[in-house]
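The values are calculated or read from the model by the stated rules, or taken from the named source; none is laboratory data. Just so it is clear, the structure is predicted and the values come from calculations on it, not from any experiment. Backbone-built Cβ (ideal geometry, glycine too); neighbour counts: all protein chains shown.
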C-alpha cells in the first residue's frame, strides 16, 4: 500500500546507494543505507497509520449502531403525558 511518492523516493535513495557503491564511496554508501532504513521505517509507519485509520473508519459506525440498538423507544404519544 505504498504511495507512488514513497516508491519514487525509495527508488532515488537506492540509485544514490548504488552510485556510492559503484564509486567505492563507503561513507556515502553507509549514509545512504541509513537513509534507506529510515525510509523503510517511514513507509511502515505510514502504512500502520493508514490501517488504523481504516479500522477506525469501519469500527466507529459499528459502535454507534450498537449504542443505538440498546435504546428503547417510548410508545407514540407518551412524550405528551
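Annotations for the structure displayed:
- For the range 9-27, the criterion of a residue being under 30 Å from residue 53 (Cβ atoms), at pLDDT below 85, within 17 Å of the chain's Cα centre (by Cα) and part of a helix (DSSP H, G or I) is satisfied by no position.
Let's see how each residue does on (1) part of a helix (DSSP H, G or I); (2) loosely packed, with under 12 Cβ neighbours inside 10 Å; (3) in contact with a strand residue (DSSP E or B) (Cβ under 8 Å, 6 or more places away or on another chain); (4) modelled with pLDDT under 65:
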{"residue": "31", "(1), (2), (3), (4)": "yes, no, no, no"}
{"residue": "35", "(1), (2), (3), (4)": "yes, no, no, no"}
{"residue": "45", "(1), (2), (3), (4)": "yes, yes, no, no"}
{"residue": "48", "(1), (2), (3), (4)": "yes, yes, no, no"}
{"residue": "55", "(1), (2), (3), (4)": "yes, yes, no, no"}
{"residue": "59", "(1), (2), (3), (4)": "yes, yes, no, yes"}
{"residue": "65", "(1), (2), (3), (4)": "yes, yes, no, yes"}
{"residue": "72", "(1), (2), (3), (4)": "no, yes, no, no"}
